[in-house]
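The values are calculated or read from the model by the stated rules, or taken from the named source; none is laboratory data. Bear in mind the structure is a predicted one, so any value in this text is a computation, not a measurement. So basically every Cβ, Gly included, is an ideal-geometry build from the backbone, and we count neighbours across all protein chains shown. These accessible areas exclude ligands, DNA and RNA; they are computed on the full protein's heavy atoms, side chains included. Shrake-Rupley method; radii C 1.70, N 1.55, O 1.52, S 1.80 Å.
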Amino acid sequence: SLVETKMRCFKRLGERVMAKDFDRQVAELQVRAAILNRFTQLGTPMTVRMP
């Protein structure tokens with residue numbers, strides 16, 4: 001379920017790879033993955049232990 005959710009988010013960033021050159025395609029997908037990782041990091045709650 002979590003994987004399906006992440007793939008849906010990944011697809012929402014763009015259904016198609018816009019670059020035609022393979023190296024640029026790789027770079028484009030890496031940027032998309034970095035954006036997803038950043039959004040995930042921002043949405044993760046911070047747990048603090050209380051004494």
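In a DSSP loop and with at most 11 other Cβ atoms within 10 Å, the GluC sites (Glu not before Pro) in the chain are E15.
Net charge within 11 Å of K11 by Cβ-Cβ distance, Lys/Arg positive one each and Asp/Glu negative one each, not counting K11 itself? Walk me through the numbers before you get to the answer.
Working: positive: K6, R8, R12, R16, R32; negative: E4, E15.
Counting the neighbours of K11, the net charge comes to +3.
Within the accessible area of the chain, what % is carbon and sulfur when the probe is 1.4 Å and the other protein chains stay in place?
Values: 3100 of 5160 Å².
Whole-percent figure for carbon plus sulfur exposure: 60.
Once Rg/Rh (Cα atoms, Kirkwood Rh) is calculated for the structure shown, the corresponding label among (i) 1.00; (ii) 1.17; (iii) 0.95 turns out to be (ii).
Please give the per residue accessible area of the chain, computed with a probe of 1.4 Å over protein heavy atoms only, in Å². Don't skip to the end; give the middle numbers.
Working: 5160 Å² over 51 residues.
With all protein chains present, the chain gives 101 Å² per residue.
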